[in-house]
Structure formats: C-alpha cells, structure tokens
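The values are calculated or read from the model by the stated rules, or taken from the named source; none is laboratory data. Just so it is clear, the model here is predicted, and its values are computed rather than measured. A quick note on method: Cβ atoms are made from the backbone with ideal geometry, for glycine too, and the neighbour counts reach across all protein chains shown. Heads up: the accessible areas ignore ligands, DNA and RNA and are worked out on the full protein's heavy atoms, side chains in. Shrake-Rupley method; radii C 1.70, N 1.55, O 1.52, S 1.80 Å.
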Amino acid sequence: MNLKDISKQATAGTTTAGTISELKEIETKYLGRHGEFNQYFDQLPKEEKPKQGATFNLAKQKYSAEVQKKSDEIIGRESAREFDVTVPGILPSIGHLHLITGAIEEITGIFEKIGFIRRRYPEIDTDWYAAEGLNIPKDHPARDDQETFYVSDNVVLTPHTSNGQLREMEAMKKPPIKMINIGKTYRRQIDISHTPMFHQFEGLLIDKNIDITHLIGVGNYFVQHYFGRDRRIRLRPHHFQFTEPSFEIDITCGVCGGLDCRLCKAGWLELGGAGMVHPTVLKNGGIDPKKYSGFAFGWGVERVLAMKNNLPDIRNIYSTDLRILNQF
Ligand code: PHE
C-alpha cells in the first residue's frame, strides 16, 4: 500500500469510531509503534527514506490531527449527554417481596374483603391442638412419625394449620367466627410438589345455619379472585377426621379450561382439603354443635402460587438463585 491509501484507510476508520475506546484502537492500528504508517516507512529502501521523510511526517501529523478532532467530538458529545436533563434517569434496582410473602398478602387481601380476619397461631403446638382435639386418634396414619416432625412426645411442628381451628374457637369464645389462619407447616416430604416446610391458609367460618353452599360460595369466590374470573371449583368426597362430610376441592385447569390436558386430571387440578367442621371438634372448641355449624378448609400457599405461575418445581420457590427470583 502506498502512503495515500494508508492515509485514506486511516481516515475512513476514524470517522466510524463511536467511542473513545474504539478511537484508541484505530489510532494504535495506524499510528502505533508498529502501526501501518511506521510499517510503511520501515520497509522503504534506505535511499527513499530521506526523500519521503517530510511527506511521511506530514501525513502522520495530518492524521494525528484528525484523531484529535474526532476525540474532541466524542468527548463533547458524551459530556453534552451528561448534562442533558431530558435523558431519563437510571432507576436504582430495588428488590421485591419474597414470592411467598407476596402470595400471603394477596390471599389475605382476598379473604379480608369478605370479612375474614387474618390470624396467626403457633407453628409448634401440642398434640391436642394439632391432632387429638381435631378428632385424630393416636393410631391415625396422619400422625405417623413418617410425616409429622415431633419436638417431644407431646409437641409437634404443625403438619397443618388446622390447630388454629381449636385455638380460634377458644379465643373467640362464641360465633360468628371468620378466620383465615396462614402459617408455616411441616411434613417429612420433599419432591417437585413438596417442601418439608410450607405454608397453608386455613379458613374457618362458624355461625348459625352454615352449610356446604357457603363453602362452595367462598371457594368459588377465592379461586375467581386469585386465579381468574373464569375459574370454578368442584367438591370431591374425601375423608378427614375433623370434618364431616369432608371434601377434596378441585379447580378447573387454567391451561385447558376444563377440557383435559397434560397438566391436569380430566380438566381439574387439586386445590386441597375442606369440609363441615365435625361436631366433636366444635365441642372440643367449646361451641355447641346443636346451635352452630361451620366449614373449614386448608390449602397450600406454595401450591396455589405454583398453579398460578405454572411453576414446574415447588422447590424453586425457596431457591436463592437470583435468576429465578428476578423473574417475578
Ligand atoms: N388439614 C387438612 C390438610 O392439611 C386440610 C383441611 C383443613 C381439611 C380444614 C379439612 C378442613 O390436608
């Protein structure tokens, strides 16, 4: 390449530089110790060097001036930008509530709107409140060491929030009772749909003339407000010691809308247990079952959160990986 071509190329490169670092790179490429200009000069035959020296230096100086001009231009543009009051500010990155805290607040808000009162009861409780008083006999499989964590012979990490039922009856003394008890629960289970510590929200409504239709109404109200207007529940016969009759509540699948798909069972997803409070439990809570009746349900916070967000693995909720948490 002759000197003219090198100069032309160098100029062309410089005009395309958008940042100072790009400009520096181009400058080094041409003006550096081993840059294009010096390479050109170095390979000239000895006798040519004195002849071309002046032109060569001039070409370098001219290019150097171009680089300087471009540099001023870029710096000028960047500092002008610094003072451009119309440029939107950079928002500081702030965190958000943990997924579970957020879900608990949302669930609480939904039930509060229809008069339920948020309660919290012990998450470590005696056998009476967690089992015996709920009509669960000593030999019942739900009390098996396999599932319930025992602190001592008589004290457990609550395997459900139903201990709150008896405690609420005692605290309120007499109906009406409209409780939503949300707390931590513990079971010895871990897989894609279980963590050993999880949360339940336990609804309890006791008053005169409460029947299954009230349970259905509250269930539908909840799923329509939490999941969406088009969702509804169904009751499937089940068994719990502390309710009679007992049900498993299902909700229409949000993906297929009830038609049947890979995610659901024939159009339905399982929400959790519910039923009419057993007369023995009312009696144990000091309430006359001849005068009052009520319903109760206990559903999983992680479960509804996973269903709403189509989370494939409930354990991800407790991940500390920001790549997961930042998606919410
Ligand atoms: N305690 C039951 C469970 O953990 C759920 C339930 C609550 C059922 C209230 C009936 C009434 O599975």
Return yes or no: is Gly272 of a type outside the set (Lys, Arg) and under 30 Å from Lys173 (Cα atoms)?
yes
Tyr40 vs. criteria surrounded by 15 or more Cβ atoms within 10 Å (Cβ to Cβ), in the same structural domain as Ile74 (by TED's automatic domain parsing) and more than 28 Å from Ile75 (Cα to Cα):
yes
Taking Thr243, is it modelled with pLDDT of 95 or more and either among the β-branched types (Val, Ile, Thr) or within 17 Å of Met307 (Cα to Cα) (or both)?
yes
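Filter the strands (runs of 3 or more DSSP E) completely within region 160-244 down to those with at least 1 residues that are β-branched (Val, Ile, Thr), closer than 30 Å to Ser319 by Cβ and in contact (Cβ under 8 Å) with a residue 40 or more places away in the chain. Explain how you work it out, then say what you get.
Values: elements: 177-186, 197-207, 233-240.
Result: 177-186.
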Identify, please: which residue in region 253-269 is touching a residue at least 24 places away in the same chain (Cβ under 8 Å) and in a strand (DSSP E or B) and is, among those, surrounded by the most Cβ atoms within 10 Å (Cβ to Cβ)?
Leu269
Count - residues of region 290-305 that are open to solvent by 40 Å² or more (accessible area, probe 1.4 Å) and either more than 16 Å from the ligand (Cβ to nearest atom) or acidic (Asp, Glu) (or both):
2
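Considering only region 1-61, give the helices (runs of 4 or more DSSP H) lying wholly within it that have at least 1 residues that are of a type in the set (Gly, Ala, Ser) and free of Cβ contacts under 8 Å to residues at least 24 places away in the same chain.
Of the helices (runs of 4 or more DSSP H) lying wholly inside region 1-61, those with at least 1 residues that are of a type in the set (Gly, Ala, Ser) and free of Cβ contacts under 8 Å to residues at least 24 places away in the same chain span 3-16, 20-31.
For Asp250, are the conditions met, namely being open to solvent by 20 Å² or more (accessible area, probe 1.4 Å) and either among the charged types (D, E, K, R) or within 10 Å of the ligand (Cβ to nearest atom) (or both)?
On the way: open to solvent by 20 Å² or more (accessible area, probe 1.4 Å): no; either among the charged types (D, E, K, R) or within 10 Å of the ligand (Cβ to nearest atom) (or both): yes.
No; evaluated as a whole, the condition is false for this residue.
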Residue set Arg167, Arg187; condition among the basic types (Lys, Arg) and within 12 Å of the ligand (Cβ to nearest atom); output residue Arg187
Specify which of the listed residues (Arg236, Arg231) is more than 12 Å from the ligand (Cβ to nearest atom) and open to solvent by 40 Å² or more (accessible area, probe 1.4 Å).
Arg236
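If you go through region 294-311 one residue at a time, how many are touching a helix residue (DSSP H, G or I) at 6+ places or on another chain (Cβ under 8 Å), in contact (Cβ under 8 Å) with a residue 40 or more places away in the chain and not basic (Lys, Arg)? If you could, list the steps in order and put the result at the bottom.
Step one: filter region 294-311 for residues touching a helix residue (DSSP H, G or I) at 6+ places or on another chain (Cβ under 8 Å), giving 294-297, 301-306, 308, 311.
Now drop any that are not in contact (Cβ under 8 Å) with a residue 40 or more places away in the chain, which leaves 294-297, 301-306, 308.
When the remaining residues are screened for being not basic (Lys, Arg), the result is 294-297, 301-302, 304-306.
Count: 9.
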Can you tell me which residue within region 134-164, out of those that are in contact with a Leu (Cβ under 7 Å, 6 or more places away or on another chain) and more than 13 Å from the ligand (Cβ to nearest atom), is least open to solvent (accessible area, probe 1.4 Å)?
Phe149
Go through the residues of region 113-127 one by one and say whether even a single one is in a loop (DSSP other than H, G, I, E, B) and open to solvent by 70 Å² or more (accessible area, probe 1.4 Å).
yes
Given the conditions (1) closer than 29 Å to Gln224 by Cβ; (2) among the β-branched types (Val, Ile, Thr); (3) without any contact (Cβ under 8 Å) to a residue 40 or more places away in the chain; (4) in a strand (DSSP E or B), every one holds for Thr101 apart from (4)
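Kindly establish whether Gly203 is under 17 Å from Ala103 (Cβ atoms), small (Gly, Ala, Ser) and within 14 Å of the ligand (Cβ to nearest atom). Give the derivation first.
Numbers: under 17 Å from Ala103 (Cβ atoms): yes; small (Gly, Ala, Ser): yes; within 14 Å of the ligand (Cβ to nearest atom): yes.
Yes: the conditions hold for Gly203.
Please work out if Lys308 is open to solvent by 10 Å² or more (accessible area, probe 1.4 Å), more than 16 Å from the ligand (Cβ to nearest atom) and within 19 Å of Ile249 (Cβ to Cβ). Spell out how you get there, then give the answer.
On the way: open to solvent by 10 Å² or more (accessible area, probe 1.4 Å): yes; more than 16 Å from the ligand (Cβ to nearest atom): yes; within 19 Å of Ile249 (Cβ to Cβ): yes.
Here the answer is yes, as Lys308 does meet what is asked.
Restricting attention to region 63-98, and to residues there that are part of a loop (DSSP other than H, G, I, E, B) and surrounded by 10 or more Cβ atoms within 10 Å (Cβ to Cβ), which single residue is modelled with the lowest pLDDT?
Going through the qualifying residues, I end up with His96.
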When (1) open to solvent by less than 50 Å² (accessible area, probe 1.4 Å); (2) away from the ligand (no atom under 16 Å from the Cβ) are applied to Leu282, the one that fails is (2)
